[in-house]
Amino acid sequence: MAEQVHAQGIAGSQIESHHELGFLRRYIFSVDHKTIAKQYLSLSLFMAIVGGFTAYLIRWQLAWPETSVAGWGYVEPDGYNAIVTMHGTIMVFFVAMPMLLGAFGNFLIPLMVGAGDMAFPRLNAFSFWTLFTASMVLLASFFVPGGPAAAGWTSYAPLSDNPLYTGVNWGINLWIIAVALEFASFLMGGVNFLTTALNMRARGMTLWRMPLMVWMEIIAAVVFLLSVGPLVAGAVMLLLDRTIGTGFFAPDRGGDPLLWQHLFWFFGHPEVYVVALPGFGVMMEVMPVFSRKPIFGYRTIVTSVIAAGLLSFIVWAHHMFVSGMDPRLATPFSITTILISVPFAIMVFAMIATLWRGSISLKTPMLFALGGLASFMLGGVTGIFLGSAAVDIYLHGTYFVVAHFHYTLFPTVFFGGFAGLYYWYPKMFGRMMNETLGQIHFVLTFVCFNAVFIPLFLTGLAGNPRRIYETTAYEFLKPVQPLHVIATIATIVLLLGQFPFIANFVVSMFRGARAPQNPWQANTLEWQTDSPPPHGNFRTIPVVFRGPYDYTVPAAAQDWAPQSQSDREIGLAAAGG
Amino acid sequence: MESVEHGLARYIGVWVWLVALLAAGLAVMALPVPKLAALALIFGIASIKAALVIRNYMHLKYESLFIIAVALVPVLLFIGLAIALIPDIAMHR
Amino acid sequence: MGSSEVSANAGAGTASAGDLQSTGSDRLLRELPIGKIGIWWFLASEIMIFGGLITCYVLMRIAHGGWEAEAAHVKWRLGAANTLVLVTSSLTMILAHYSVERDDRGAVSRYLGITVILGLVFLGIKTFEYWSDLREGFTPLSGMFWSFYYMMTGLHAIHVTAGIVINAVLFVMARRGTLWPRVQQRVEFAGLYWHFVDVVWIFLFPLLYLS
């Protein structure tokens with residue numbers, strides 16, 4: 001019988017041996033998950049700047065149409081469509097996923113389960129470089145004749161199906177290729193996440209002792225893996241329609257445009273949960289630490305997330321209530337959509353219960369986690385409105401939808417992401433970030449984010465359609481124009497408010513105080529090794545004795561209890577606590 | 001664990017069945033059977049062939065429930081998708 | 001700074017059995033070789049891709065009244081021949097794995113080699129088939145049936161090509177005897193991929209050629 005190479009053994013043999021690696025192997029083509037995580041992070045932060053700039057262009061155009069955007073120039077109507085498309089595409093596929101899954105997932109999963117590296121380090125490196133290639137393809141699409149994709153991030157047929165309709169030829173073709181490469185990248189990454197978390201856990205790390213961040217990452221990976229396939233098929237079909245003239249989605253050639261919408265949203269809806277779940281994971285890691293209390297309802301949360309993951313596959317047509325699809329589908333999809341709010345509500349209540357009567361410490365990670373939780377609630381509640389087909393008939397395609405999804409995505413991706421960055425920065429880079437700058441960053445971000453999107457709920461209710469170049473062209477929208485101005489000014493301050501973060505991030509890397517092993521006095525395994533962790537992560541692979549949230553255990557010597565310390569070591573009188 | 005010789009015999013036996021089922025499938029098309037019944041038969045045959053390969057060559061017969069789930073869930077999922085799309089796509093005209 | 005090492009070592013000796021005990025299912029997961037889990041996750045994603053494609057094809061075919069006339073010109077004899085070739089290559093692939101288990105290096109490389117050749121035969125027949133179809137005027141633009149036909153068989157052929165490359169690499173490695181333990185493992189995983197490609201064709205054949 002062929003020798004089965006044991007999991008830990010494989011990790012050991014594939015971890016680079018401790019000889020000197022050249023610059024290329026160490027920093028560029030590294031197979032170390034921590035370096036790869038930082039590569040994903042760098043890419044996502046760069047793309048966030050690009051995406052943020054597109055937001056600036058959009059908001060300027062909406063507040064002051066017919067004027068030249070400061071620092072850019074005049075935005076044409078076709079250009080506006082392209083900017084809106086690229087804003088969505090970049091933010092979802094090239095910021096949210098690389099940051100929350102690529103960076104956090106890669107950095108944390110091996111550390112949190114007590115492994116030396118990912119299961120397939122070279123595949124890991126390959127998945128990053130695939131994403132890098134995808135980003136280059138997408139950025140290249142800005143410079144091709146005809147400009148970048150301009151059919152919305154959803155790229156609906158028949159608009160996207162024929163270059164004649166948008167006037168964009170290679171822009172959308174490159175968009176399709178970039179998105180397909182991004183899918184391939186995260187499929188490969190997902191294989192790593194799942195295998196590592198299931199197979200390479202340290203001794204004593206049962207599934208029920210895994211930190212919630214790991215649960216979120218692996219459930220996100222599974223949901224992504226299962227939902228993306230049909231869209232990959234659809235993307236190939238769309239590319240063929242556009243390039244060689246097949247008619248899969250073209251009504252004039254016997255095709256069905258609705259098929260594209262179904263394929264897109266069958267993936268698109270689970271995708272938004274893929275993006276949101278790790279953000280929740282960050283909040284659920286941060287809140288217990290900064291309230292010195294165990295997470296409330298750990299198993300309930302895991303069950304809810306699995307339920308949400310399953311349900312996410314049967315809600316997609318709520319994006320299509322007014323698409324002309326079979327009306328009999330409206331009721332079942334409304335029911336499932338409203339049902340899916342239940343697991344998320346459970347998670348929100350669990351987080352609130354975690355905070356309840358905790359010893360709250362308002363450090364920057366906690367501020368962002370709290371801000372994210374609070375803001376998400378508005379997003380979740382407005383989702384119920386949109387999930388009811390009858391109400392959606394009015395609200396579909398308006399700014400109400402835009403505000404809704406920004407209130408679900410921004411809190412999870414950006415508030416959750418910032419919470420994670422401030423929380424794990426000491427571990428990743430071995431330095432502490434500046435707390436004051438962090439608080440300034442939070443206040444500006446939180447206040448301005450709400451100032452941008454609350455007005456947009458109102459304009460949406462007034463009937464303001466999405467993706468239109470000039471709202472002032474419509475008589476009935478003239479009264480809400482002041483709201484657009486407020487939102488735009490808030491956007492500009494919001495974007496400027498990110499500079500404290502950028503400065504903090506860069507300067508702290510060189511001038512920040514050296515980080516101790518466990519600056520937050522947290523329990524999870526990544527805090528039981530050096531900051532930053534050495535090659536192989538742990539000098540000796542830890543053994544795990546407890547769950548991740550044993551804070552303020554009665555009769556223990558201190559208010560935290562690392563997962564790798566036994567009852568006796570945390571000061572409990574007899575083992576059996 | 002099966003003996004070595006049984007393993008070899010089984011692999012070859014499965015191949016014989018696969019070829020036989022291929023011939024059977026082709027025969028069905030030649031017979032004057034109503035279209036729907038013919039389709040049901042050939043897809044049934046295809047499913048049996050697939051099951052033979054999956055169970056014996058891909059060793060799913062011996063794998064843990066977890067691996068079986070990883071293989072089975074996607075199949076159920078896309079069949080579910082197909083069913084959900086029937087009203088909209090298949091009956092659209 | 002050294003507390004993590006001290007605690008890990010100290011803890012191991014004094015922990016009660018209950019702390020470290022995994023449940024049965026937990027142990028099962030850990031004992032699966034990681035390569036096998038990895039390849040099955042990958043196959044799951046591929047099932048969704050081909051499944052999505054087949055779904056679209058089936059639904060569109062039903063919607064458009066069955067495409068009897070359009071589908072009448074597929075070369076079912078060549079398709080059947082290809083099915084025979086692929087199914088046989090699955091046999092040779094599993095025989096390669098069987099030889100691995102018996103540590104028969106010569107047989108391993110022989111069977112891998114035959115699998116590669118059969119894969120190339122498949123591609124050869126496919127190429128001839130495409131050429132014949134095109135010569136008769138059936139291009140991907142000859143109607144939606146043919147669009148789907150070229151797309152589905154094309155995507156499948158790309159997967160066959162990738163499998164041939166993988167098997168060829170393993171063939172070379174087996175011949176040279178390099179990294180033999182790794183080769184042993186990888187033959188099984190390459191086999192899983194190759195059988196998957198075969199199963200997809202087992203369904204594509206009736207879908208495209210016999211319907």
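Given their separation in residues at 0.36 nm each and the Cα-Cα distance between them, A:ILE335 and A:ARG122 gain 72.3 nm when the chain is fully extended.
How would A:THR471, C:THR83, A:THR154 line up from fewest to most surrounding beta-carbon atoms within 10 angstrom? Provide the component values of the computation, followed by the final result.
Details: A:THR471 22, C:THR83 26, A:THR154 16.
Final ranking by Cβ density, sparse to dense: A:THR154, A:THR471, C:THR83.
The smallest convex shape that holds all Cα atoms of chain B, its convex hull, gives 106 Å³ per residue. Using label points projected 7 Å from each Cα along Cα→Cβ, tell me how many nm separate A:PHE142 and A:ALA503, to one decimal. Taking the two extended label points, one gets 2.5 nm. Kirkwood's formula applied to the C-alpha pairs of the range A:33-528 gives a hydrodynamic radius of 23.0 angstrom. To the nearest ten degrees, helix A:33-63 and the longest principal axis of the Cα atoms of chain A are 30 degrees apart. The order of C:VAL100, B:VAL28, C:VAL172, going from fewest to most other C-beta atoms within 10 Å of their C-beta, is C:VAL172, B:VAL28, C:VAL100.
To the nearest Å, what is the center-to-center distance of the range C:152-192 and the range A:315-351, using C-alpha atoms only? Cα centroid of the range C:152-192 versus Cα centroid of the range A:315-351: 44 Å apart. At a Förster radius of 41 Å, what calculated FRET efficiency corresponds to the Cβ-Cβ distance of A:SER361 and B:ILE83, to the nearest 0.05? E between A:SER361 and B:ILE83, to the nearest 0.05, is 0.20. Label-to-label distance for B:TYR62 and C:VAL172 is 3.1 nm, based on points extended 7 Å past Cα in the beta-carbon direction.
So how much slack lies between A:ARG328 and A:TYR156, counting 0.36 nm per residue of separation and subtracting their Cα-Cα distance, in nm? Could you put the intermediate results ahead of the total?
On the way: separation 172, 0.36 × 172 = 61.92 nm, distance 2.21 nm.
Full-extension gain reported as 59.7 nm.
Set the Förster radius R0 to 45 Å, insert the Cβ-Cβ distance between A:THR243 and A:THR540 as r into 1/(1 + (r/R0)^6), and round the FRET efficiency to 0.05. Using R0 = 45 Å, I get an efficiency of 0.20. In this rough spin-label picture, where each label sits 7 Å from Cα along the Cβ direction, the A:THR552-C:VAL121 distance is 7.3 nm.
By how many nm would the segment from C:LEU28 to C:ARG182 lengthen if fully extended, with 0.36 nm per residue of separation less the alpha-carbon distance? Intermediate results must be reported in sequence, preceding the final value.
Values: separation 154, 0.36 × 154 = 55.44 nm, distance 2.26 nm.
Gain on stretching C:LEU28 to C:ARG182: 53.2 nm.
Computed about the Cα centre, the dipole magnitude for the range C:33-209 is approximately 540 debye when only Lys and Arg (+1) and Asp and Glu (-1) carry charge, each at its Cβ. Quote the relative contact order of the range A:71-226 in percent (integer), defining contacts as alpha-carbon pairs under 8 Å separated by 6+ residues. Value for the range A:71-226: 32 percent. Here is the P(r) of the protein assembly as shown: all C-alpha pair distances, binned every 10 Å from 0, give 2, 12, 21, 24, 20, 13, 6, 1, 0 in whole percents. For the protein assembly as shown, with the dipole built from +1 on Lys and Arg beta-carbon atoms and -1 on Asp and Glu ones, taken about the Cα centre, which of A:ALA103, B:TRP15, A:ALA561 lies farthest toward the positive end? In the protein assembly as shown, that residue is A:ALA561.
Sorted largest first, the principal axis extents computed over the alpha-carbon atoms of the range C:33-209 equal 54, 31, 19 Å. Between the range A:160-230 and the range B:72-92, how far is it from one alpha carbon centroid to the other, in angstrom? Taking the Cα centre of the range B:72-92 as reference, the centre of the range A:160-230 is 22 Å away. For chain C, the relative contact order is 28 percent, taking Cα pairs closer than 8 Å that sit 6 or more residues apart in sequence and dividing their mean separation by the residue count. Between the beta carbons of A:PHE385 and A:LEU164, assuming R0 = 41 Å, the FRET efficiency works out to 0.65 to the nearest 0.05. Legend: mean number of C-beta atoms from other chains within 10 angstrom of residue C-beta atoms, peptide B:68-79, equals 6. The dipole here belongs to chain A: it is taken about the Cα centre, uses +1 on the Cβ of Lys and Arg and -1 on the Cβ of Asp and Glu, and is about 1220 debye. If you fit an axis through the alpha-carbon atoms of helix A:435-461 and take the longest principal axis of the Cα set of chain A, what angle between them do you get, 0 to 90°, nearest 10? In chain A, helix A:435-461 runs at an angle near 30 degrees to the longest axis. The long axis of helix A:481-496 is offset from the longest Cα principal axis of chain A by roughly 40 degrees. Legend: Rg and Dmax of the range A:152-297, from Cα coordinates, 19.9, 63 Å. Between C:ALA168, C:ALA69, C:ALA80, the Gaussian network model of chain C with springs among Cα atoms under 10 angstrom shows the greatest mean-square fluctuation at C:ALA69. Membrane-span-like helices in chain C, defined here as complete DSSP H runs extending at least 30 Å along the helix axis by their C-alpha atoms with mean Kyte-Doolittle hydropathy no lower than -1.0, are C:34-63, C:76-101, C:105-135, C:144-176, C:180-204; this is a sequence and geometry rule, not a statement about a membrane.
Read-outs throughout are calculated quantities, based only on the coordinates presented, and are distinct from any laboratory measurement. For clarity, every value in this text was computed on a predicted model and none was experimentally measured. In this analysis, Cβ positions are derived from the backbone assuming ideal geometry, glycine residues included, and neighbour counts consider all displayed protein chains.
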